[in-house]
Amino acid sequence: MSNMSEMAKSMVEQLKYPCKVFAAKTPYNEIMNAYQEALERGKKEGFTPVLVPVDDVLEEFFGILDDDGYSIEETLRAEKRTGKEILDERFEEYSGQNEEDFDMDMDEFIGEYDDEPDVMSEYSSLFHYSTGEVLETILVEVPTTKPWEVVVYVPFGGWNECPPPEEMMAICKYWYEEYGAVPVTITHDVLEMSVPAPVGQEKALEVAKEHYAFTPDRVDQGTRTGTLSEVAASVAVSDVWFFWWD
C-alpha cells in the first residue's frame, strides 16, 4: 500500500471503502486469486469485491460527482424501470437508428457469423491496451451483498450512450437474476462481468441484443462484421461479458 501511486491514493480516499492495491505488473493470476478469495469472504462479511484499474479519468469523475452532490443512498432508492424494460427501449431506439443511418434491416443486422467466436475468459481492462502489461489495480470491498449495486457505489456513466448509475444498476440486477452475472471490473468507460457459465446457443442472440442495447459500441466498434450474430457467437462460449462505451 505504501508504494501505491498518488492517483491510486486519491481513488482509495474517494472510494472510502476497504481496499487493497496491486502494483503495476502484478501477475494477473495473483490479482484474480485475491478477487476470488474476497468474493468468498464477502459472502460472510457482507461486501462484494470489484476490481478498479487506476484510471485518471475515473478519479476525476469521482470528484465531479462529489461536487455535483451525487448520493449513493438516493441513487439506490431512485424510482426506475426494470432492467429488461430499459434494455428493450434502448434496443428499439438504437436498432432504429442503425436501420435509418445504414439502411440495414433487422435480418442484415443479425447477419450470419461462421468464423471462430471470440472466447472471452480474461478481464481485459486490467491490461494496458498498448503494452499488454497489468495496470495498477485496486481491489475494492464494496459494502453491499447485492452485486448489481456495485455500479452505484463505484459509479460511472451518464454520458453519451453510457447509462447513468441507476439505470446501470437496474440492468445489472436483471442480468444477475437471469444469468447470475456479476460486475468484476470497472473503469471510466468499461464494465466487465462474470457469468457462472456461457449462456449457450439457445439464448445467445437474445443476450447479444441486450448487450447491444446496453452499449451499441459492443457491435458497432467491437466486432469485425458489425452484426449481432458475431456477438451471439462470443457470448455463447464466454464466461466474461465485456462492455465498452466510446
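The values are calculated or read from the model by the stated rules, or taken from the named source; none is laboratory data. On a predicted model such as this, the values are computed, not experimentally measured, just so you know. Methodologically, a virtual Cβ is constructed for each residue, glycine included, from the backbone with ideal geometry; neighbour enumeration extends over all protein chains shown.
The table that follows gives values for the structure above.
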read-out: Residue, modelled with the highest pLDDT, within region 199-233, restricted to residues that are out of contact with any strand residue (DSSP E or B) (no Cβ under 9 Å at 6 or more places or on another chain) and among the polar types (S, T, N, Q); value: Ser229
read-out: Output for region 149-162, where each listed residue is more than 14 Å from Phe61 (Cα to Cα) and surrounded by 23 or more Cβ atoms within 10 Å (Cβ to Cβ); value: Val150
read-out: Hits in region 191-209 (condition: more than 13 Å from the chain's Cα centre (by Cα) and farther than 18 Å from Asp115 by Cβ); value: Pro196, Ala197, Val199, Gly200, Glu202, Lys203, Glu206, Val207, Lys209
read-out: Qualifying position, being assigned to a loop (DSSP other than H, G, I, E, B), closer than 24 Å to Glu85 by Cβ and of a type outside the set (Lys, Arg), among Val207, Val199, Val219; value: Val199
read-out: Pick from region 63-84, criterion part of a helix (DSSP H, G or I) and free of Cβ contacts under 8 Å to residues at least 60 places away in the same chain, ranking: farthest from Ser5 (Cα to Cα); value: Arg77
read-out: Qualifying residue in region 184-192 (condition: farther than 30 Å from Glu60 by Cα and not hydroxyl-bearing (Ser, Thr, Tyr)); value: no
read-out: Sole exception among (1) farther than 23 Å from Ser5 by Cα; (2) modelled with pLDDT of 95 or more; (3) in a loop (DSSP other than H, G, I, E, B) for Gln36, by number; value: (3)
read-out: Leading residue by the ranking (farthest from Pro155 (Cα to Cα)) among those in region 1-29 that are more than 21 Å from the chain's Cα centre (by Cα) and part of a helix (DSSP H, G or I); value: Glu6
read-out: Helices (runs of 4 or more DSSP H) completely within region 103-194 that count 1 or more residues being under 19 Å from Gly42 (Cα atoms) and among the aliphatic types (A, V, I, L, M); value: 150-153
read-out: Members of region 24-72 that are in contact with a strand residue (DSSP E or B) (Cβ under 6 Å, 6 or more places away or on another chain) and more than 24 Å from Lys9 (Cβ to Cβ); value: Leu39
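A quick yes/no check of all residues on (1) under 20 Å from Val50 (Cα atoms); (2) buried (at least 20 other Cβ atoms within 10 Å of the Cβ); (3) modelled with pLDDT under 95; (4) in contact with a helix residue (DSSP H, G or I) (Cβ under 8 Å, 6 or more places away or on another chain):
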site: Asp105; (1), (2), (3), (4): no, no, yes, yes
site: Asp114; (1), (2), (3), (4): no, no, yes, no
site: Glu122; (1), (2), (3), (4): yes, no, no, yes
site: Val142; (1), (2), (3), (4): yes, yes, no, yes
site: Thr145; (1), (2), (3), (4): yes, no, no, yes
site: Tyr179; (1), (2), (3), (4): yes, no, no, yes
